[in-house]
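Taking it in order: structure first as structure tokens, then the write-up.
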Amino acid sequence: MMAADEIPLFPLNTVLFPGGLLPLRIFEARYLDMISECMRQQSGFGICAIQSGDEVGKAAQCFSIGTLATVTDFDRGEDDLLRVTVRGERRFRIDESWVESNRLQRARVSWLEEQDSPLRAERQPLVEFLERLLHQADAPFTDMETDFESAGWVAGRLAELLPFAIHDKQRLLETDRAADRLEILYNELLAEEIIR
């Protein structure tokens with residue numbers, strides 16, 4: 001683990017992996033302020049899956065492992081909501097968190113090392129399956145840079161695109177080694193006879 005930092009948190013009913021893109025619609029004042037602050041400071045914020053509670057209103061209880069997100073694109077929609085696309089950068093563990101007076105959550109986090117590895121040749125069926133998924137996907141997946149030789153990148157995109165329950169995606173995010181994440185996905189898809 002690397003040294004600790006303090007970041008704002010954005011609890012969501014989704015899991016973002018390093019290298020992933022996620023479109024967001026921002027309408028709550030606390031998150032509009034957070035996005036503005038992050039863009040001014042050229043910093044990121046933590047996206048963590050909600051363990052209990054809701055995205056809107058009172059502060060939700062998050063899982064302790066999340067992903068730092070940075071804004072890659074933004075605009076105002078016709079409904080006057082701020083639309084941003086964020087990119088997952090690196091995983092973190094929440095060491096301590098608190099809620100500020102504006103109901104924004106902040107946390108002191110430790111950065112987790114990403115243990116990536118090259119994709120093994122016998123896992124090529126996962127790449128072929130992912131290519132089919134990406135071909136059918138909507139933005140932002142259609143515009144993203146690909147890295148089909150990285151076990152971490154392939155595992156992250158499969159986990160984001162497949163309809164797994166949040167706790168299953170969270171379990172994958174909490175798995176330190178990318179090769180282990182890929183094996184979990186490979187075995188699951190093999191058992192479901194989605195790949196051969």
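No value in this document is a laboratory result; all are computed from the given coordinates. Keep in mind the model is a prediction, meaning the values are calculated, not measured. Positions of Cβ are backbone-derived with ideal geometry, glycine not excepted, and every protein chain shown enters the neighbour counts.
In table form, for the structure just shown:
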| quantity | calculated |
| --- | --- |
| Long-range neighbours under 7 Å by Cβ, at least six apart or interchain, first residue at negative phi within the stretch 117-139, second surrounded by fewer than 13 Cβ atoms within 10 Å (Cβ to Cβ) and among the basic types (Lys, Arg) | PRO125/ARG196 |
| Scope the stretch 43-95; condition within 13 Å of the chain's Cα centre (by Cα) and of a type in the set (Gly, Ala, Ser); matching residues | GLY44, GLY46, ALA49, GLY66, ALA69, GLY88 |
